[in-house]
Amino acid sequence: MKRQSETKENYLKAILHYSPEGENVSNNTIAKHLGTSPASVTDMVKKLQADQMLTHESYKGVKLTEAGRKIALQIIRKHRLWELFLVETLGFTWDNVHEVAEQLEHVNSPELINRIDEFLNFPRFDPHGDPIPNAAGEIVKRNTQLLTEVSPPKWVEVVGVSDSDPDFLQYLDSIGLALHQRIKVVEKLAYDQSCQLEIDGQRILIGGNAARNIRVLVE
């Protein structure tokens, strides 16, 4: 059974996921994300409100307070640093680190996390291309595009994925597509946004669903 503090942290992280700019998030959205009942969400919202971690408005949903946002950012920081540490030092692949990092993110040792950050030379992005908040909770922002938003023909650099589902990441591995790779968007089909790519000299067609989950920087 999860400790109460872990459950609270998961709620704060889920709310931040859906409100990066401080938008309201509905209880139903939180319930769906965490795989729990709306009644359970209502109970936890009351506890987090009592802890001054969030505010709640009827028919509008919840919003993190500054204190709640700070904690959520630190949880995300720990999660993404652990993912990178597992990949770069222990040989994990990018498709099998998420669940382990979900457990390790609740280890409450700022010194440990700061040492991992220093050991990794203060990285800005995790193995999936997501930004890692620094110790002050600051996040690097960059102007990326989804692959489906690129007008071909154009060369781009793959810098992230929006979906970290293991099956999707394994699919990308199977076609030879990885982060920091330079690829060419040769053609895009209007019907379903499928994209024909040139990867290491080979032409590969990927479906629109996959293309919508790949983030790139246009050269």
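The values are calculated or read from the model by the stated rules, or taken from the named source; none is laboratory data. None of the values given here were measured: they were computed from a predicted structure. Here the Cβ is made from the backbone with ideal geometry for all residues, glycine too, and neighbour counts use every protein chain on show. The area values use the complete protein model at the heavy-atom level, side chains included, leaving out ligands, DNA and RNA. Shrake-Rupley method; radii C 1.70, N 1.55, O 1.52, S 1.80 Å.
Result for the chain in a Gaussian network model with C-alpha springs under 10 Å: among GLU149, GLU111, GLU198, the largest mean-square fluctuation is at GLU111. For the residue pairs LYS13/LYS184; LYS63/LYS188; LYS47/LYS70; LYS47/LYS141, the C-alpha atoms sit more than 29 angstrom apart in LYS13/LYS184; LYS63/LYS188; LYS47/LYS141. Residue by residue, region 112-128 carries 3J(HN,Hα) couplings of 4, 5, 5, 6, 5, 4, 5, 4, 8, 6, 6, x, 9, 9, 8, x, 9 Hz when phi is fed to the Karplus relation 6.51 cos²θ - 1.76 cosθ + 1.60 (θ = phi - 60°); x denotes Gly or Pro. Derived scalar couplings between HN and Hα for region 13-26 equal 5, 5, 5, 5, 4, 8, 9, x, 10, x, 6, 6, 10, 6 Hz in order, rounded to whole Hz, by the Karplus curve 6.51 cos²θ - 1.76 cosθ + 1.60 (θ = phi - 60°), x for Gly and Pro. Rounded to whole numbers, the Karplus 3J(HN,Hα) couplings from phi for region 73-86 are 5, 5, 5, 5, 4, 4, 4, 6, 5, 4, 4, 5, 4, 5 Hz, using 6.51 cos²θ - 1.76 cosθ + 1.60 with θ = phi - 60°, and x at Gly and Pro. For the residue pair TYR18 and TYR59, what label-to-label distance in nm results when each label sits 7 Å from Cα along the Cα-to-beta-carbon direction? If labels sit at TYR18 and TYR59, their model points lie 1.9 nm apart.
Please build a GNM for the chain, connecting alpha carbons under 10 Å apart, and tell me which residue among LYS70, LYS184, LYS141 fluctuates the most. Maximum among the listed residues: LYS141. Divided by 2.2 N^0.38 Å, where N counts the residues, the Cα radius of gyration of the chain comes to 1.12.
Calculated on the Cα set of region 47-128, radius of gyration then Dmax: 15.4, 47 Å.
Viscosity 1.002 mPa s, temperature 20 °C: give me the Stokes-Einstein translational D for region 19-91 in µm²/s, with Rh taken as the Kirkwood radius over C-alpha pairs. Estimated diffusion coefficient is 157 µm²/s. In this Cβ point-charge picture (+1 for Lys and Arg, -1 for Asp and Glu), the chain has a dipole of about 580 debye about its Cα centre. Computed in the context of the full set of protein chains, the accessible area of region 56-134 at 1.4 Å probe radius has 52% of its extent on carbon or sulfur. Computed extension gain for ASN121 through ARG182, at 0.36 nm per residue and net of the alpha carbon distance, reaches 19.5 nm. What is the local net charge at LYS63, summed over the other residues whose Cβ is closer than 12 Å to its Cβ (Lys, Arg +1; Asp, Glu -1)? Summing Lys/Arg as +1 and Asp/Glu as -1 gives -2. A Förster distance of 41 Å, applied to the separation of the beta-carbon atoms of GLU99 and ALA190, puts the FRET efficiency at 0.60. Given a Förster distance of 45 Å, report the FRET efficiency between LEU34 and GLU157 from their Cβ-Cβ distance, rounded to the nearest 0.05. Efficiency for this residue pair is about 0.85.
Working from Cα pairs under 8 Å separated by at least six residues, relative contact order for the chain is 15 percent. Under a 5 Å amide H cut-off, with hydrogens placed 1.01 Å from N, SER194 pairs with LEU189, GLY208 among residues at least 5 apart or on other chains. Per residue, the accessible area of the chain comes to 56 Å² when a 1.4 Å probe rolls over the protein heavy atoms. Per-peptide packing, taken as the mean over residues of other Cβ atoms within 10 Å, places 186-192, 92-98 in the sequence 92-98, 186-192 from highest down. Springs between alpha-carbon atoms under 10 Å, Gaussian network over the chain: tell me which of LYS63, LYS46, LYS13 tops the mean-square fluctuations. In the Gaussian network model the winner is LYS46. Here region 96-219 yields Rg over Rh of 1.04, to two decimals, using C-alpha coordinates and the Kirkwood radius.
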